[in-house]
Amino acid sequence: MKKDFIFNDVNTLKGVGPQLSKYLKKKKIEKVKDIILNLPYSETDRSKLFKLNELEVGKTQSIKVFVKKLNFPRIRNLPNKILCEDETGKIEIAYFNSREGYLRKLYPLNKWIIISGKINYFNKKYQITNPDYVTTLDKKEYVIKNIPKYNLTKGINEKKYRSISEQVINNIPNIEDWLNENFIKKNNLSMWNECIKKLHNSKDGKDNLSKSYRRLVFDELCANFFILSENRRKIKKEKIPKKFTKKKMNFIKRTLPFTLTESQENVLNEINLDLADKKRMFRIVQGDVGSGKTIVSLLAISNVIESGYQCSLMAPTEILAKQHYELFKKIYKGTNFKIDFLTGKTENRYRKEILKNLENGKINLLIGTHALFQKKIIFKKLGLVIIDEQHKFGVKQRLEFAKKGGDNCDVLLMSATPIPRTMMMSLYGDMDISKITEKPAKRKKIITLSKPEKKINELWPFIKKQIINKNQIFWVCPLIEESSFLDYSSAKKKFDLINKKFPNKVGLIHGALEKHEKEKVLKQFLNKEISILVSTTVIEVGIDFPNANLIIIENANKFGLAQLHQLRGRVGRGENQGTCILLFKNGLSKNAVKRIKILKESDDGFYIAEEDLKLRGFGDLIGYQQSGIKNFRFSDPIIHEDLFKLAELYVQTNQSDINQKKYSFLLKLFDKAEIINVEEI
Ligand code: ADP
Ligand code: MG
């Protein structure tokens with residue numbers, strides 16, 4: 001087999017037909033190399049041969065038996081049966097749906113054979129139904145041993161998968177290692193060539209601290225970090241520096257009803273320096289919900305417009321985009337800036353007009369949704385692209401945004417998802433980072449309370465009072481990710497209950513709704529047509545609901561701390577006191593009590609994210625999955641902290657060699673090669 005065979009489609013393997021290949025692909029095993037990366041989660045011990053009087057029902061055991069009799073009843077639904085025995089007893093082997101000829105071959109009469117499978121007891125007899133392995137004595141070595149166990153789905157049985165995976169693992173090409181031997185030894189890793197075999201055929205695959213596993217982690221991290229640094233190299237190129245006097249900016253600043261926090265000033269300053277620099281800006285602004293990122297972007301934009309360039313601001317949803325548009329129109333009132341708004345829904349005649357005015361440079365700032373990135377949209381002189389709440393975009397998309405802007409276009413991302421420090425490099429290693437660390441001083445701290453769900457009745461009077469006072473309420477049910485049906489039914493149940501108490505005042509949003517249906521309900525809430533919004537966590541971040549002052553979060557244990565913090569950040573954005581009530585199902589564990597304490601005490605998203613990671617561990621950060629933070633398969637920032645640092649350093653020192661052939665294997669292995677080949681920008 002050729003060295004490169006591991007990058008071929010799985011269907012190029014012997015024994016993988018269209019059907020099996022479909023099942024494998026369902027398990028995300030698309031290429032041969034994915035079999036290499038699919039590590040066993042355990043192993044089945046078939047290493048001992050048992051006598052028939054030593055069998056234990058329910059266990060998987062291996063036996064050596066004599067084939068005594070085959071029985072093929074000609075009645076539908078009755079299994080074919082083979083009677084076997086040894087000196088100590090008898091056992092029956094049963095087969096449903098199998099052909100006589102096949103079984104006669106497998107079970108030669110009056111011969112000793114080896115069988116391995118799960119032991120049952122049926123009709124007062126030991127029985128194995130459809131055994132995992134049946135083989136002749138001379139092939140015993142293949143079965144009588146520890147056999148790795150893989151996570152498999154319907155349609156793939158262990159034996160079949162094993163034959164495929166062995167075909168791959170035994171033919172792994174010997175490659176020139178991209179790490180040198182000293183480095184490997186010194187850092188407690190193993191050589192690539194031995195690592196894979198060990199991961200599949202020893203305990204190493206299940207021990208995330210073994211040398212082989214650590215090697216895989218290190219490789220995974222390097223592949224990721226290489227891509228990030230390559231991304232950065234491609235984006236941070238020379239550009240024409242932007243020239244501006246900040247006159248417009250200072251004018252707008254003076255008209256604001258508040259002064260910027262020190263943190264906002266610092267970040268704004270960093271952005272302005274980038275704009276005036278001779279390299280392109282590629283920066284992310286991180287700041288808690290409500291820390292005031294929008295105003296910072298708005299001020300930066302005024303400098304870009306002053307310097308004669310156009311800007312575009314993209315938000316993830318129509319509502320958020322619209323909210324930005326209204327705000328910018330208001331604040332830019334005293335300027336001559338021309339702003340416009342474009343989404344997928346913009347009527348054709350307006351769209352045409354907008355496209356024309358973008359091309360002739362009449363529009364200074366275009367605000368909108370994804371629609372801004374369509375091919376047809378051509379700016380005369382685009383100087384800055386801002387993407388709000390961007391955490392759903394990956395590295396590749398970031399590069400595409402930058403590309404779209406052209407050579408002189410700066411790129412600024414804004415995110416409200418606080419990221420633990422250890423994860424910063426792996427997520428945003430390609431970008432410069434600015435943090436808004438303080439909140440506007442006037443803002444009141446949100447009151448956070450916890451309550452057992454049993455006492456939910458105590459809430460109704462409180463809620464009633466809120467409604468009378470024309471306050472609005474979020475009611476969050478946990479998202480059931482595996483099933484949009486369950487998700488719907490649990491949120492719907494809650495909706496029905498609350499709707500009974502407060503008829504015509506409640507709206508519902510859940511995972512199975514289409515985007516436009518969601519937006520419709522959100523709009524009703526925003527326009528105060530309803531007072532309570534029941535939802536799963538699908539409520540978008542970023543939207544300002546100035547009138548929402550109470551958030552009730554059910555089954556709060558299901559959420560990560562960082563996520564709870566984000567959720568509660570959606571209330572108390574206006575003048576009024578915000579309150580967050582966490583409902584819990586049963587008695588609280590020690591850990592849960594600690595978690596609530598942190599939330600009650602702290603208001604700082606960055607601190608909370610760190611504590612969350614420490615308390616729950618990376619493997620358990622459910623809430624992070626959606627936000628793309630959990631982007632590694634093997635690496636864990638807590639368990640492998642040393643390797644995160646090591647890989648960062650390694651990539652820094654070896655970055656210039658990225659195009660060497662030895663690394664192409666590594667990048668391909670982790671599906672990164674494609675990203676790096678995105679044409680130069
Ligand atoms: P986010 O960082 O979540 O995007 P926003 O930019 O939407 O936050 O700001 C939240 C609210 O705080 C807005 O109503 C905004 O006008 C207000 N705000 C922003 N900066 C300040 C400040 N320095 N002082 C007082 N209020 C501010
Ligand atoms: Mg925002």
Note the per residue figure in Å³ for the convex hull of the C-alpha positions in segment 385-536.
198 Å³
If contacts are Cα pairs under 8 angstrom and at least 6 residues apart, what is the relative contact order of segment 389-513 in percent?
14 percent
Along principal axes, Cα extents of segment 58-98, largest first, whole Å
32, 23, 13
Given segment 296-449, what whole percent of its Cα pairs are spread farther than 22 Å?
45 percent
Would you mind listing how long segment 127-259 runs along its three principal axes, going by Cα atoms, in whole Å with the largest first?
89, 42, 25
Using the structure shown, list the pairs from LYS330/LYS381; LYS27/LYS197; LYS465/LYS558; LYS333/LYS362; LYS375/LYS404 with a Cα-Cα distance above 19 Å, or answer none.
LYS330/LYS381; LYS27/LYS197; LYS465/LYS558
Percent accessible area from carbon and sulfur atoms, segment 116-184, protein chains only, probe 1.4 Å:
45 percent
222 nm mean residue ellipticity, helices alone, for the chain (DSSP H n ≥ 4; -39,500 (n - 2.57); rounded to 500)
-11500 deg cm²/dmol
Pairwise label distance in nanometres, ASN157 with ARG349, each label 7 Å out on the Cα-Cβ vector
6.8 nm
May I ask for log10 I(q)/I(0) of segment 304-394 at q = 0.12, 0.21 Å⁻¹, from a Debye sum over the Cα atoms as equal point scatterers with solvent left out?
-0.33, -1.06
Which length gain, in nm to one decimal place, applies between TRP460 and LYS22 when the Cα-Cα distance is subtracted from 0.36 nm times their residue separation?
152.5 nm
Once Lys and Arg get +1 and Asp and Glu get -1 on their Cβ, which of VAL296, SER190, VAL571 lies farthest toward the positive end of the dipole of the chain?
VAL571
log10 I(q)/I(0), Debye, Cα-only segment 196-316, no solvent, q = 0.09, 0.10, 0.12, 0.16 Å⁻¹?
-0.45, -0.51, -0.62, -0.84
I'd like to know how segment 256-362 sits against the 2.2 N^0.38 Å rule of thumb: what's its Cα Rg over that expected value?
1.15
With every protein chain left in place, what is the accessible area per residue of the chain in square angstrom, probe 1.4 Å?
48 Å²
Once neighbouring chains are kept in place and the probe is 1.4 Å, which whole percent of the accessible area of segment 286-325 is contributed by carbon and sulfur?
49 percent
So how many Å³ per residue does the convex hull of the Cα atoms of the chain work out to?
214 Å³
Descending Cα extents along the principal axes, segment 43-134, whole Å
35, 27, 25
Leaving out ligands, DNA and RNA, what percent of the accessible area of segment 539-598 is carbon and sulfur, probe 1.4 Å?
48 percent
Given C-alpha coordinates of segment 50-199, what is the ratio Rg to Rh with the Kirkwood estimate of Rh?
1.13
For segment 423-462, the Rg and Dmax computed from alpha carbons only, in angstrom
19.5, 51
Which value results when the Cα radius of gyration for segment 210-268 is divided by 2.2 N^0.38 Å?
2.10
Gain on full stretching of the segment that runs from LYS68 to SER664 - 0.36 nm per residue minus C-alpha separation
208.8 nm
How far apart, in nm, are the 7 Å Cα→Cβ label points at LYS125 and LYS145?
3.4 nm
List, in the order given, every pair from LYS25/LYS211; LYS345/LYS515; LYS154/LYS211; LYS33/LYS160 whose Cα-Cα distance in the structure shown is over 22 Å.
LYS25/LYS211; LYS154/LYS211
Largest first and in whole Å, give the semi-axes of segment 1-100's equivalent ellipsoid, each being the square root of 5 times a Cα gyration tensor eigenvalue.
37, 21, 12
For segment 122-192, compute the orientation-averaged projected area of the C-alpha convex hull (one quarter of its surface), in nm².
8.8 nm²
About the Cα centre, and with charges only on the beta carbon of Lys, Arg (+1) and Asp, Glu (-1), how big is the dipole of the chain? Nearest 20 debye, please.
1560 debye
Would you kindly state how much longer the chain becomes between ASP9 and ASN504 on full extension, computed as 0.36 nm times their sequence separation minus their alpha carbon distance, in nm to one decimal?
172.7 nm
Kindly write out, for segment 59-66 in residue order, the coupling ³J(HN,Hα) from the Karplus curve 6.51 cos²θ - 1.76 cosθ + 1.60 (θ = phi - 60°), rounded to whole Hz, with x marking Gly and Pro.
8, 8, 9, 10, 9, 10, 9, 9
First measure r as the distance between the Cβ atoms of GLN374 and ASN174, then evaluate 1/(1 + (r/R0)^6) with R0 = 41 Å and state the FRET efficiency to the nearest 0.05.
0.30
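The values are calculated or read from the model by the stated rules, or taken from the named source; none is laboratory data. Being a predicted model, the structure only gives us computed values, none of them experimental. Virtual Cβ from ideal backbone geometry, glycine too; neighbours counted across all protein chains shown. We work out accessible area using only protein heavy atoms, side chains counted, and drop any ligands, DNA or RNA first. Shrake-Rupley method; radii C 1.70, N 1.55, O 1.52, S 1.80 Å.
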